[in-house]
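Have a look at the structure below before the remarks.
The values are calculated or read from the model by the stated rules, or taken from the named source; none is laboratory data. Computed from a predicted structure; not experimentally measured. Please note: Cβ atoms are built from the backbone with ideal geometry, for glycine as well, and neighbour counts cover all protein chains shown. All accessible areas refer to the heavy atoms of the entire protein, side chains included, with ligands and DNA or RNA removed. Shrake-Rupley method; radii C 1.70, N 1.55, O 1.52, S 1.80 Å.
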Amino acid sequence: MNKKTVFSKFVPALLLAVLCLPLAAEDNPFFSAYNTPFDTPPFDRIQNTHYLPAVQEGIKRHQVEIDAIIANPKAATFQNTIEALDNSGQFLERVTGVFYSNLEAITSKEMQEIASQLAPLISAHQDNILLNDKLFARVKAVYDRRASMKFTVQQLYLLENDYRQFVRNGALLDEKQKARMRDINRDLSLISLKFNDNLLAETNSSFIVIDNKDDLAGLPESVIAMGAETAQSMNMPGKWVFTTQRPSWTPFLQYADKRGLREALYSAYFMRGDRDNDQDNKAVLQKIINLRCERSKLLGYQTPARFILEERMAKTPEAVNSFLARLWKPALERAKAEAAEMQKIIDAEQVGFKLASWDWWYYAEKLRKAKYDLDDSALRPYFELENVKKGIFTLSEKLYGLKFVENKAIPVYHPEVSVYEVKEADGRLLGILYMDFFPRDSKRGGAWTGGFRNAFWQKGKRVLPLVTVVCNFTKPTADTPSLLSIDEVNTFFHEFGHALNGLCANNFYRTTNTPWDSVELPSQIMEHWALEPEMLNIYAKHYKTGEVIPAALVEKIKNSSLFNQGFETVEYLAASILDMAWHTLGSAANINVTRFEEKAMGDIGLIPEILPRYRSTYFAHIIGGYAAGYYSYIWAGVLDADAFEAFKETSLFNKKTAASFRKNILEKLGTEEAMALYKKFRGREPKIEPLLKKRGLL
Ligand SMILES: [Zn+2]
């Protein structure tokens with residue numbers, strides 16, 4: 001997952017006529033030079049009380065900069081308007097970059113409260129810029145003359161993007177409509193926070209407690225130890241707790257023999273936000289969709305999807321839906337065949353039940369063992385977190401010549417975070433990388449890449465990007481280091497791809513606009529290397545003996561590459577289709593969320609043994625940047641599978657191909673048209689066959 005949205009240029013917030021700064025500015029680290037290595041945020045000095053005054057000051061300064069652009073007596077030019085706009089708001093971004101990153105990684109009631117205070121300020125400030133007639137008139141003046149002026153590709157992309165952002169935010173509306181637009185934006189900013197707060201509270205309160213040892217039957221020792229440590233940390237010594245966080249949830253579903261307990265933990269997960277309690281998200285989601293519908297209509301679009309997709313590679317809901325439909329049928333067939341194979345195992349056990357959704361992981365694991373003689377817990381010792389990390393570093397060096405040097409002098413926002421200087425082959429510093437691996441109550445679920453600052457050029461110098469990779473991996477226990485599952489290994493490679501994109505970014509301007517359905521290309525291409533035999537030989541070493549993963553095991557991994565692909569594709573596609581169903585509505589006013597979801601899934605013939613990967617009430621992706629965009633992963637899957645073929649055709653670590661990928665994709669995505677960049681890399685448009693082959697859908 002990618003969190004680039006944090007850096008939308010027109011980021012934050014409002015103009016309070018009178019700004020009182022209760023704290024002396026000199027006590028607030030945001031107000032002065034950081035005096036830290038590479039101008040990294042001084043986390044040791046930043047306190048929650050610093051955010052609000054710093055954001056207010058940032059808004060004030062940004063507004064002054066905007067006013068100066070408007071007040072310029074000279075006619076609008078690219079330099080005095082578009083470039084000036086690109087340069088504005090840096091103080092504000094310095095604060096919001098830190099705040100929104102920390103809001104997800106080390107949140108608290110206090111942080112959430114501050115976020116609710118900031119949301120309307122920032123939404124109003126953004127509207128003050130994008131709905132400013134005089135500013136828009138200047139942007140439009142440059143835009144209208146673009147045919148007669150000479151621009152670089154990046155300049156033209158920036159100009160057209162700026163113009164479009166104003167129009168898409170209502171610059172062409174009348175005053176009454178603009179006022180309504182402001183209200184909608186403010187309400188949306190607040191209610192989206194509410195959705196995420198509810199979800200975090202639900203996740204933290206959804207778990208099962210086991211106090212009878214017999215109920216642990218089937219679980220590997222390491223999973224039992226993890227359950228005991230979780231219980232200990234929750235003040236339930238002597239018991240075992242399993243949560244809805246993936247590192248706890250997945251192995252429990254894979255191995256717990258007690259079917260009733262599997263059902264209990266599975267339900268704890270899929271009922272989040274749907275319990276008719278204070279944290280219920282049904283009405284919240286309905287309100288969000290409704291506001292999005294209204295906003296789209298105001299801007300002249302029938303549905304939110306039509307509005308959103310205009311800026312994506314896919315362009316229209318029809319293109320997305322027909323792409324998803326093309327994959328759906330073969331994927332569903334495959335999943336049904338997988339279910340039938342598992343039912344055979346159940347029947348042979350003579351336990352007398354029909355496979356249910358909470359049985360899938362358990363019997364899939366048995367099937368994996370029976371069919372491929374492969375067992376997740378036998379693999380984990382070869383995927384110790386430190387070894388996987390070193391492997392990824394080696395891959396980055398082989399491809400791009402990058403080196404990673406830990407720097408303990410750089411302040412961190414949590415003691416578990418480690419920081420690296422990322423260097424070019426010639427020793428030049430490329431950027432700073434923060435990594436934060438394990439779950440905690442203050443961190444939201446999933447894995448994502450973000451950062452405190454993006455790369456851009458200022459006064460002939462490249463400003464260093466500060467990139468964060470945040471995950472929820474299996475924790476070490478008292479006597480075992482962190483041993484990753486194959487899924488977690490893939491996630492690490494994936495997020496690292498986003499990180500490389502952020503680190504290598506070489507955009508001239510601060511403003512970028514990456515179509516959301518291309519954003520997963522740099523991340524997903526990395527996953528292709530993870531389980532290649534050549535790559536496994538480099539990093540998959542037994543954590544105790546240092547022995548390289550045996551060839552026989554590598555062979556088994558390779559043979560099982562299509563294992564469970566039907567299920568994974570179906571649960572993913574179902575969620576993508578659910579997302580599209582929500583965003584192709586004209587109004588959500590009279591919708592019953594539960595029935596709507598049931599109907600959307602019934603219409604495509606989803607089998608009861610599989611739920612969509614995210615149900616509506618905990619589908620955080622579509623509350624954020626993936627609205628009408630969850631399909632992006634598989635859309636980009638066409639690109640990354642086709643791009644990886646370019647390596648497979650020659651060699652896995654082909655330096656020339658890597659250099660071209662870096663130059664055209666990693667450095668430029670978001671500053672030129674995505675398909676044009678892809679064609680420069682590949683010499684042609686992408687083909688869909690490599691993706692179909694990879695998922696066993698051909
Ligand atoms: Zn991603």
Among the listed residues GLU649, GLU645, GLU568, identify the single one that is touching a Pro at 6+ places or on another chain (Cβ under 8 Å), open to solvent by 10 Å² or more (accessible area, probe 1.4 Å) and away from the ligand (no atom under 15 Å from the Cβ). GLU645
Restricting to region 170-184, give me the number of residues that are part of a helix (DSSP H, G or I), open to solvent by 20 Å² or more (accessible area, probe 1.4 Å) and either among the basic types (Lys, Arg) or in contact (Cβ under 8 Å) with a residue 40 or more places away in the chain (or both). 4
Residue identified as in contact (Cβ under 8 Å) with a residue 40 or more places away in the chain and of a type in the set (Lys, Arg) among LYS329, LYS315, LYS366, LYS336: LYS336
Quick check: anything in region 94-111 buried (at least 17 other Cβ atoms within 10 Å of the Cβ), part of a helix (DSSP H, G or I) and more than 22 Å from the chain's Cα centre (by Cα)? no
With the condition kept exactly as written, say whether any residue in region 231-254 is open to solvent by 60 Å² or more (accessible area, probe 1.4 Å), under 22 Å from the mean Cα position of the chain (by Cα) and in contact (Cβ under 8 Å) with a residue 12 or more places away in the chain. yes
Is it true that ARG306 is farther than 27 Å from ALA676 by Cα, crowded, with 16+ Cβ neighbours inside 10 Å and modelled with pLDDT of 95 or more? no
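Would a scan of region 503-514 turn up a residue that is within 14 Å of the ligand (Cβ to nearest atom) and assigned to a loop (DSSP other than H, G, I, E, B)?
yes
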In the set GLY445, GLY427, GLY451, the lone residue that is at pLDDT below 95 and not basic (Lys, Arg) is GLY445
Can you work out which of the residues in region 433-447 that are away from the ligand (no atom under 16 Å from the Cβ) and closer than 19 Å to PHE195 by Cβ is surrounded by the fewest Cβ atoms within 10 Å (Cβ to Cβ)? ASP441
Counted residues, region 581-609 - those being open to solvent by less than 30 Å² (accessible area, probe 1.4 Å) and touching a Phe, Trp or Tyr at 6+ places or on another chain (Cβ under 7 Å): 1
Can you pull out every residue in region 488-502 that is farther than 17 Å from GLU532 by Cβ and away from the ligand (no atom under 14 Å from the Cβ)? GLU488
Filter region 610-624 down to the residues that are open to solvent by less than 20 Å² (accessible area, probe 1.4 Å) and more than 23 Å from THR449 (Cα to Cα) and list them by number. ILE610, PRO612, SER616, THR617
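Take the conditions closer than 30 Å to THR81 by Cβ and touching a strand residue (DSSP E or B) at 6+ places or on another chain (Cβ under 7 Å) and apply them to VAL167. Does it pass? Full working, then the answer.
Values: closer than 30 Å to THR81 by Cβ: yes; touching a strand residue (DSSP E or B) at 6+ places or on another chain (Cβ under 7 Å): no.
Criteria not met by VAL167.
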Residue list for region 350-361, restricted to those being more than 16 Å from ARG613 (Cβ to Cβ) and touching a helix residue (DSSP H, G or I) at 6+ places or on another chain (Cβ under 9 Å): VAL351, GLY352, PHE353, LYS354, LEU355, ALA356, ASP359
I'd like the full set of residues that are of a type in the set (A, V, I, L, M) and either within 12 Å of GLY637 (Cβ to Cβ) or part of a helix (DSSP H, G or I) (or both), limited to region 660-698. ILE665, LEU666, ALA674, MET675, ALA676, LEU677, ILE688, LEU691, LEU692, LEU697
Considering only region 468-504, state which residues are out of contact with any Phe, Trp or Tyr (no Cβ under 6 Å at 6 or more places or on another chain) and within 10 Å of ALA447 (Cα to Cα). VAL469, ASN472, THR491, PHE492, HIS494, GLU495
Of the residues in region 624-633, those that are of a type outside the set (Gly, Ala, Ser), within 12 Å of the ligand (Cβ to nearest atom) and either part of a helix (DSSP H, G or I) or touching a residue at least 60 places away in the same chain (Cβ under 8 Å) (or both) come to TYR626, TYR633
So if I check each of GLU318, GLU349, which one is within 28 Å of the chain's Cα centre (by Cα) and more than 20 Å from ILE607 (Cα to Cα)? GLU318
All positions within region 515-541 that are among the aromatic types (Phe, Trp, Tyr) and within 14 Å of the ligand (Cβ to nearest atom): TRP516
Any residue at all in region 398-408 that's over 28 Å from ARG510 (Cα atoms), buried (at least 16 other Cβ atoms within 10 Å of the Cβ) and touching a Phe, Trp or Tyr at 6+ places or on another chain (Cβ under 6 Å)? yes
If you take the residues in region 39-65 that are touching a Gly at 6+ places or on another chain (Cβ under 9 Å) and open to solvent by 10 Å² or more (accessible area, probe 1.4 Å), which one is farthest from GLU113 (Cα to Cα)? GLU65
Set ILE106, ILE59, ILE114: member being within 20 Å of ASP187 (Cα to Cα), in contact with a His (Cβ under 8 Å, 6 or more places away or on another chain) and not polar (S, T, N, Q): ILE59
When residues of region 448-469 are limited to those that are open to solvent by less than 20 Å² (accessible area, probe 1.4 Å) and either more than 16 Å from the ligand (Cβ to nearest atom) or without any contact (Cβ under 8 Å) to a residue 12 or more places away in the chain (or both), the one nearest to PHE43 (Cα to Cα): PHE452
Select from region 115-142 the residues that are crowded, with 20+ Cβ neighbours inside 10 Å and within 24 Å of the chain's Cα centre (by Cα) and list them in ascending order. ALA115, LEU118, ALA119, ILE122, SER123, GLN126
Reported set for region 670-687 where residues are open to solvent by less than 10 Å² (accessible area, probe 1.4 Å) and within 13 Å of GLN154 (Cβ to Cβ) is GLY670, THR671, LEU677
Pair list, Cβ < 8 Å and 6+ apart or interchain, from region 501-527 residues that are among the aromatic types (Phe, Trp, Tyr) to residues that are within 16 Å of the ligand (Cβ to nearest atom) and open to solvent by less than 20 Å² (accessible area, probe 1.4 Å): TRP516/TYR626; TRP516/GLY629; TRP516/SER632
